[in-house]
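Reviewing the structure listed below.
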Amino acid sequence: MEAAEASVDRIAHPWGSRTPHGADEPWPVRVDTYLEPGVEASRVQRWVQASSILHSDGDAMDIAVVDGRMVGVRGRADDRVNRGRLGPKDLFGWQANASPDRLTLPLVREGGRLVECDWDTAMGRIVARSRELLEERGPGALGFYTSGQLYLEEYYTLAVLARAGIGTNHLDGNTRLCTSTAAEALKESFGCDGQPGCYDDIDHADVIGLFGHNIAETQPVQWMRVLDRLEGADPPRLVCVDPRPTPAARRAAVHLAPRIGTNVALLNALLHEIIRADRVDHDYIAAHTVGFEELASRVEECTPRWAAGICDVPAARIGEAAELLGTADRLLSTVLQGVYQSHQATAAAVQVNNLHLIRGMLGRPGAGVLQMNGQPTAQNTRECGANGDLPGFRNWQNDAHVADLARVWNVEPSAIPHYAPPTHAMQMFRYAEQGSIHMLWISGTNPAVSLPELSRVRSILAQERLFTVVQDLFLTETAQLADVVLPAATWGEKTGTFTNADRTVHLSDKAVEPPGEARPDLDIFLDYAARMDFRDKDGGPLITWHDPESAFEAWKRCSAGRPCDYTGLTYDKLRGRSGIQWPCDEQAPDGTQRLYTDGISWAHPDVCESYGKDLLTGATAEAVEYRSLNPDGKAVIKAAGYLPPHEAPDEDHPFQLTTGRTVYHFHTRTKTARAPQLNAAAPEVWVEASVSDAAALGLGEGDLVEVTTPRGALRGRLRVTDIRTGLLFVPFHYGYWDTEAGHGPDGRTPGRAANETTVTDWDPASKQPLFKTAAAALRLVERADGHHAPAPTTTASAASRADAVPPTTGGTPALVTQSGDAFPDREEDAR
Ligand SMILES: Nc1nc2c(c(=O)[nH]1)N[C@H]1C(S)=C(S)[C@@H](COP(=O)(O)OP(=O)(O)OC[C@H]3O[C@@H](n4cnc5c(=O)[nH]c(N)nc54)[C@H](O)[C@@H]3O)O[C@H]1N2
Ligand SMILES: Nc1nc2c(c(=O)[nH]1)N[C@H]1C(S)=C(S)[C@@H](COP(=O)(O)OP(=O)(O)OC[C@H]3O[C@@H](n4cnc5c(=O)[nH]c(N)nc54)[C@H](O)[C@@H]3O)O[C@H]1N2
Ligand SMILES: [Mo]
C-alpha cells in the first residue's frame, strides 16, 4: 500500500476516510491535521504534546503554535489510542481557548452584581467565609463539586485539601452524572474500579456488543477503528442496543431498539438464552466467580418472549442477539449512558459484566468489557478520590485502608471523614437546598445546565444563604449565579496528566499563556490551601507540592501498591512517546494492557475497594457479609430482577423522553459553541420523534414543538427520524442562557435546555441521575414555514426522509488533511 494524503470536510464526514484492517492486524496510521486558514505546516514554530479533553478516548495530539498562539492540531501517529486520528471536536474545539469572552479577572458579587476584582480580593472572600463556617458550623457546612475535565494533579490536590484539610465528606465530581455507574458496576463485579479491557480489543474481537452507547458520535475515533475493521478481512459483527438509529445501529448485525428503561429485562433474557443453551464457560465460572447459581435461577423465567413484552422488541431478535453473544470467541462489550443514566443503571451494567464472566470473556485479546467513561479525565476524578471515594481506590469501610491513607498524608485517621458513605452530588445539592451546606465550590462544571430539573437547581444556587464559588473559563449559566467567580486556565494553557477510559495516561503540556489573569486550577487550589494554612499531624504543611510535576510525584506515592499504580511513570517517560496504561510499576514498567489476565486480583476482602451494595436499594454491605460471600476474592456474579421505570407514560404525558448527545457538541457547549465549524453544524436545540408519531399528531420536519414533563418545558424544531415509536429525544447541549435566540435565564421565556424537563431521581446503587427516562407531552407551537430542524443529517439525528433536509456540511472551513499508510481514494459515506 502506498502512502496517501487527502483533504476531507470533516463536518460532512465526521469519521474521515477508511484504513481497513483485518482481525489481529495492527490498526494503520492516519494522521489528521487541521491548521487555521493561511497557516502552512512549515510555518508552525512549535508542536506541543497534548491529548483531547472533549471525550474519554484520550486522542493524542500536538498543538501547533505560532507566535505564542494556538493555530491548529495534529494527531500523534505513534499513540496506541488513536494512531494519528482526531474527531471533529478534537479538530476544531481548541479555537474556543482564544474566544474574546474568556474570563480574565476574578469577579465578586457587590450589591447584587458581579464585578471584576483582583485575586487577593476574591481569594480573601473565599478564605474568610471558609474560616467563619468552619468555626461556626464545622466542616460539614462546606461542599466541593468538581469535574471530570480537570487534571489528575488538580483532583488529587482538591481531594487532600477537602478531606484532610477541611475534613468534609462533601466532595464529589460531575462524574456522578457520568461514570459513577461504570465505577459502581466494576466495584460490584470485580471488587474494585479499573477497566478490565482496552481499546486494542476492537482489533481482535469477533463480536462487539454496544449497550446504550452511541460510539460513533461520542467516541468517534474508536468508531473509526470499528469501521476500519468492518471494511477489512474477517470483520466483527455488531450487536447494538439503542432505541435510536445510531450509526452503529445501522451497521449492526442485530439492532435491538428497546423501550427505554428496560435494559435489565433485555439483559436478563439474553443471559437466560445463553445459560439455557449452555454457552457458558464452566471452568472459568468455577475458578474465578461466585454467584452463578443464583443468576441462573434468577433468569430462569426471563424468556425472550417475556422480555419482548416489556422491551417491545421481537423475541426472535433477542434470540439472534443471544446467539451472537453466546457463540462469540472473542466478545468485546461497551456500556455507556443508555445504561448508566437509564432506569436500573447499576443492575443493568452489572448484567453485562455477568455476560462476560459466565462466558469467560475477559483478560485476553478481543475478550473484554469496557464500562466506558465519558469525560476526558473522569478516571482521575475517581482514582484521586474527588468523586466521593477515597484516593487510590481505597475502601472507606476498611480501617486499614483509611490508616494507610492517613500514613500517606501524615494525618490522624480520624482526620479523614469515613463515618458514612461519601456524600454524592445529588445529596450535596439537597443539603444546599435544606441549608446545611453553606458554601459550595464548583470547579469545571456547569450544573445550571447539566443537572436534572433546572428550575430547582437555579433556585438552590441563587439562595442568599448559600455562598457559591464558580471556577470556570466563561461566565456560564452557573457562574452568573455565583458569589465569587474565579477565571481558570484550561487545556493547552496548563500542564498535567490525565487518563482515558482504557487506563491510558497522557501528559498534556502547556502550549500558550492563559488569557489575562486566568490561572490553572492547580494554582488556585494550592493558593487556597496555603491561605488556609492546612497542617499535617506534625505541624508541617499538609500539601507539600507546588507545581504539576511535584503534585504528580505526590500522587504516585498515594497510588503505590493500589490497582491504579502510577509509580512506574514520570513526566519524562510520558513526554516524547505517548500513552502508557496503568498499572505501571516495577513489575510492569511499560504499563498494563489488560487487567484480570490471570484471574481476579482486587476483589479479596482485604484489598477490595467496596464490599458491594444491594442493587435494588443501594444499601451498603458490611465487611463480614462480603467476607462470607467472597472469601477468596473472586468475581461476584450479582443477579437483579427487573423493575418498571418510575415514570411511565400516561394520558397527559403519552411519550417517553430521553436525552443525550450529538457528534459536534460537547456538553453545555462552552467550548464547541465557540468553534465556528462545530457551532454551525448544530446551532440550536431540536426534538426527535418517529415517523408514525409525527404522522399521528400531524407534525412535520421543522415544526416548532414544545416538550413538557411534570418539571418543565422546552421548545425546539422537530426532526422526524427512525427513532423508535413512542420515544422523543432532545440533545442536552443547549443552555437556557441565549438572549439572542430569545431564551432567558428568568424562567419566564420558554426554555431550550433538556434538563428543564428531567427528573430529580437517581440510581440506588451508583446515585447517578436518571437523564434518560421520563414521560412527556408533545405539542405544536408553530408550523415549519420553510424552516427545518437544526439537527445534523450525518448522525443518529438523520431525517427519516433523506431528501427532506439539506445535508450537514462544513465546506472549506472544515477541510482537514489526512495522511497515512494508505486509504482508498474515496470519501466514505457518512453512515
Ligand atoms: N460528541 C460528544 N461526545 C462526547 C460527549 C459529548 O458531549 N459530545 N460527552 C462525553 C461524555 S461526558 C459522555 S458521558 C459520553 C456519553 O456517550 P453516550 O452514552 O454514547 O451518549 P448519550 O447520547 O448520552 O447516550 C447514548 C445512547 O443511549 C441511548 N439510550 C437512551 N435511553 C436508553 C435506554 O434506556 N436503553 C438503552 N439501551 N439505550 C438508551 C440513546 O438513544 C443514545 O443514543 O460521551 C462522551 N463523548
Ligand atoms: N439531560 C441530560 N443531562 C446530562 C447528560 C445527559 O445525557 N442528558 N449527561 C451528563 C453527563 S454524562 C455529564 S459528563 C455532564 C456534563 O455536564 P457539565 O460538566 O456541567 O458540562 P460542561 O459543559 O462540560 O461543563 C464543564 C465546565 O467546565 C469549564 N471548563 C472547561 N475546562 C476547564 C478547566 O480547565 N478548568 C475549569 N475550572 N473549568 C473548565 C467549561 O467552560 C464548562 O463550563 O452532563 C450531564 N447532564
Ligand atoms: Mo459524561
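How many percent of the accessible area of region 180-372 is carbon or sulfur, using a 1.4 Å probe? Carbon with sulfur: 47 percent of the solvent-accessible area.
Filter 494/556; 613/772; 556/638; 89/573; 510/767; 187/556 down to the pairs with a C-alpha to C-alpha distance above 25 Å, please.
Beyond 25 Å between Cα atoms: 556/638; 89/573; 510/767.
Across region 655-800, C-alpha contacts under 8 Å between residues 6 or more apart give a mean separation that, scaled by the residue count, equals a relative contact order of 35 percent.
Translational diffusion coefficient of region 632-786 (Stokes-Einstein, Kirkwood radius from Cα pairs, 20 °C, 1.002 mPa s): 127 µm²/s. For region 575-608, the list of trypsin sites (Lys or Arg not before Pro) that fall in a loop by DSSP and count at most 15 other C-beta atoms within 10 angstrom reads 575, 577. Specify the inter-centroid distance of region 327-344 and region 370-431, based on alpha-carbon positions, in whole Å. First find each Cα centre; the distance between them is then 26 Å.
Remark on residue 580: its backbone amide H falls under 5 Å from those of 505, a criterion applied only to residues 5 or more positions apart or on other chains, H modelled at 1.01 Å from N. Restricting region 69-141 to trypsin sites (Lys or Arg not before Pro) that sit in a DSSP loop and have at most 16 other Cβ atoms within 10 Å of their own Cβ leaves 137. Shown in residue order for region 87-98 are the 3J(HN,Hα) couplings computed by the Karplus curve 6.51 cos²θ - 1.76 cosθ + 1.60 at θ = phi - 60°: x, x, 5, 4, 6, 10, x, 4, 4, 4, 3, 8 Hz (x for Gly and Pro). Couplings for region 65-75, taken from phi via the Karplus curve 6.51 cos²θ - 1.76 cosθ + 1.60 with θ = phi - 60°, read 10, 10, 6, x, 10, 6, 10, x, 9, 8, x Hz in order; Gly and Pro are left as x.
Compute the accessible area per residue over region 655-800, keeping the other protein chains in place, probe 1.4 Å, unit Å².
Per residue, region 655-800 has 30 Å² of solvent-accessible surface.
Computing Rg and the Kirkwood Rh from the Cα coordinates of the chain gives a ratio, Rg/Rh, of 0.94. Taking the DSSP beta bridges with both ends in the chain, the antiparallel portion is around 55 percent. Using a probe of 1.4 angstrom and keeping all protein chains present, the accessible surface of region 3-98 works out to 30 square angstrom per residue. The residues of region 422-474 present an accessible area of 25 Å² per residue when probed at 1.4 Å with all protein chains retained. Across all directions, the average flat footprint of the convex hull enclosing the Cα atoms of region 279-431 is 12.7 nm².
With the gyration tensor restricted to C-alpha atoms of region 3-98, the semi-axes of the equivalent ellipsoid amount to 23, 14, 13 Å, longest first. Sequence gap at least 6, Cα distance under 8 Å: using those rules, report the relative contact order of region 500-581 to the nearest whole percent. Relative contact order, region 500-581: 43 percent. Remark: the Cα gyration tensor places region 136-211 in the prolate category, a/c being 1.5 or greater and a/b exceeding b/c. Helix-only arithmetic for the chain: the sum of -39500 (n - 2.57) across DSSP H runs with n ≥ 4, divided by the residue total, places the mean residue ellipticity at 222 nm at -7500 deg cm²/dmol. Averaging the Cα positions of each part gives two centres, and for region 467-481 and region 682-704 these lie 34 Å apart. The calculated Kirkwood hydrodynamic radius for region 540-679 is 20.6 Å, given to one decimal from all distinct C-alpha pairs. Annotation: amide H of residue 144 within the under-5 Å range of 171, 172, 441, sequence separation 5 or more or interchain, hydrogens built in the peptide plane. Per residue, the convex hull around the alpha carbon atoms of region 658-723 comes to 104 Å³. With unit charges on the beta carbons (Lys and Arg positive, Asp and Glu negative) and the dipole taken about the Cα centre of region 3-98, which residue among 58, 42, 12 sits farthest to the positive side? Highest projection toward the positive end goes to 42.
What the phi angles of region 202-207 give under the Karplus curve with 6.51, -1.76 and 1.60, with θ = phi - 60°, is a coupling list of 4, 6, 10, 5, 9, 9 Hz, glycine and proline written as x.
Normalised size of region 180-372, defined as Cα radius of gyration per 2.2 N^0.38 Å with N residues, equals 0.93. Solvent-accessible area of region 1-133 (1.4 angstrom probe, protein heavy atoms only): carbon and sulfur portion equals 49 percent.
Among the GluC sites (Glu not before Pro) in region 19-122, those placed in a DSSP loop whose Cβ has at most 16 other Cβ atoms within 10 Å are 40. Using C-alpha pairs under 8 Å with a sequence gap of at least 6, the mean separation divided by the residue count of the chain gives a relative contact order of 21 percent. Spatially, region 45-97 and region 145-196 are offset by 26 Å when compared through their Cα centroids. Less than 5 angstrom separates the built amide H of residue 781 from those of 704, 705, 706, all sequence-distant by 5 or more or on a different chain. Expressed as a whole percent, the accessible surface of region 655-800 that belongs to carbon and sulfur atoms is 53, based on a 1.4 Å probe.
The values are calculated or read from the model by the stated rules, or taken from the named source; none is laboratory data. In this text, all values refer to a predicted model and were calculated from it rather than measured experimentally. Cβ coordinates were reconstructed from backbone atoms using ideal geometry, including for glycine residues, and neighbour counts include every protein chain displayed. Ligands, DNA and RNA are stripped out before the accessible areas are found, and what is left, the full protein with its side chains, is counted by its heavy atoms. Shrake-Rupley method; radii C 1.70, N 1.55, O 1.52, S 1.80 Å.
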